[in-house]
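As structure tokens, the structure follows; a few thoughts come after it.
Every number here is computed from the coordinates shown, using simple stated rules; none is lab data. In this text the structure is predicted, and so the values were computed from the model without any measurement. All Cβ positions, glycine included, derive from the backbone under ideal geometry; neighbour counts span all protein chains shown.
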Amino acid sequence: MQFLLICTLILLGWSQLGSAGVVIISGDDADEDGHCYRLHSDGTLDGTLCGSLYPNALNLAIGSSTSPGTGIVAIGGANCGTAGLALTAWNDPANGGPGAAITFKTSTTAITSVNLSDFAMIYVPSIHVQLGGFCGLEDNQLAALNTLGPQIQNFVNVLGGSVVALIEADDDNDRTAPIINPWGWLPFPFVTTPTSFRNVTTTVNMPLVSPTTDAGNLSHSAFHMVFETPLPSGFLSLANAADGPNIPPEHIGKPTYLIANIITPENCSDGIDNDGDGLIDKNDPDCLICGDGFLDAPLEQCDDGNLASGDGCDMFCKLEGPLDTDGDGIEDDADNCPDTANSDQTDTDYDGAGNACDPDDDDDGVADGTDNCPLIINSDQDDFDGDGAGDLCDTDADSDEVLDAVDACLFTPAAAIINTDGCAIADLCPCIHPDGTDKWKNHGKYVSCVAHAANDFRDAGLISDSEHGDIVSEAGQSACGVKN
């Protein structure tokens, strides 16, 4: 028999609706004896099959409901036959169930007139034909349920109520009667394909509903349906069809169990206003969906494309554990730039703000955006060669192609002829004596210095004989070293 679980988690605490209800739709006749419960020969009921999926699902549904009502309202024939035994087994605290009070609505009049706000959750059993006629949801009861679509959406999205429903939506022609509009009480259709397989693989989202359910205890003979993709907006897979006997290759990997955090008719990626509210895709609050892989800041701190917890981003799209807002591996309370990634934590001026977020890294009073040495204090912003790098951080402050580390004359004028030490003749023989204090002893001493330097430059091939003569002649005509 088919076991199809669609889990739709409504977590709209950050949306305009503010609900927190859970909607779980099972497309399998899980309430048939031997599927997810068993009636033993001694009359005891075991509701722990399928890894206690349904006791866990009922607990999640009751526990997450914020509806003002209490207990469960069961729609259809959930009070008799195998459908009634299954619900009893799953609700039993001895099997891990919530032990909630149950009110049964079986007539179409009782169904269409029910006040959902009186209850914490809605329960719907499998279609009766899937249970061999042993109670379950009759066709007229399903039709009555479908008239409650707007009320159910309000119950879930506004009041925060929960729903657990078992409806087999499709089959592979092994049933005698078609199922008419099984999803009529939802604002969107599911597209399903009949198939047959027994193996499934669970995804990271399954523990949100049932942490004890895995591929081993969930796989059974046989599933009869897969969901086609793309899924309705917000839906993620809980489990996918896996390779095994009889499954067509094209169905492997397709979802068999789904989970979402919002039920909306709005397709959040088609560029169309599907629900007619004048808002399209991500501009519609219905599309602020946790788990869709899109970060809806500031409502979400993270969105890793699933609703699983324990992976750093929880089921509410909040960061787990120590907060690391910028994702640089440094927890916010120890991060000197908590909103800007800077795993190296460099803080040049030791002011507690890392360079990545400090507007003045060297604390010299000049903002980094205009500071010609952003990491070295230089409030004067001197830039001898005008190349945009301040003298204190320029590796060649005079742009003479001799690096400052080996340059004997750091501030040689532009276009001056220099030797291998980075010095021009004017650097070696300045008009003011090189010691910076006393003048040349006399003019001759100055001229002699220039002549010797010019000889060295000429011998090194830096200047010609003619240039040598001009330089010495100019020195002789200067007033450098002349006594007043």
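Some observations on this one:
- The simple spin-label model puts a point 7 Å past each Cα toward its Cβ; for SER399 and THR212 those points are separated by 7.8 nm.
- Considering all different alpha carbon pairs of the chain, the Kirkwood hydrodynamic radius works out to 28.4 Å.
- On the beta carbon distance between ASN115 and GLU331, with R0 = 45 Å, the FRET formula returns roughly 0.35.
- Efficiency of FRET between ASP273 and ASP339 - r from beta-carbon atoms, R0 41 angstrom, step 0.05: 0.70
- Annotation: extensible slack from THR70 through ASN246 equals 58.9 nm (criterion: 0.36 nm per residue apart, minus Cα-Cα distance).
- DSSP-defined antiparallel bridges as percent of all bridges, the chain, nearest 5: 50
- Prolate/oblate/rounded call for region 5-260, Cα gyration tensor, a/c under 1.5 rounded: rounded
- For VAL402, VAL204, order by how many other beta-carbon atoms lie within 10 Å, fewest first: VAL204, VAL402
- Theoretical ellipticity at 222 nm over the chain - DSSP helices of four or more residues, -39500 (n - 2.57) apiece, nearest 500: -5500 deg cm²/dmol
- Take the Cβ atoms of ALA451 and LEU375, set R0 to 35 Å, and the FRET efficiency comes out at 0.20.
- Using alpha-carbon coordinates, inclination of helix 443-459 to the longest axis of the chain, degrees: 60
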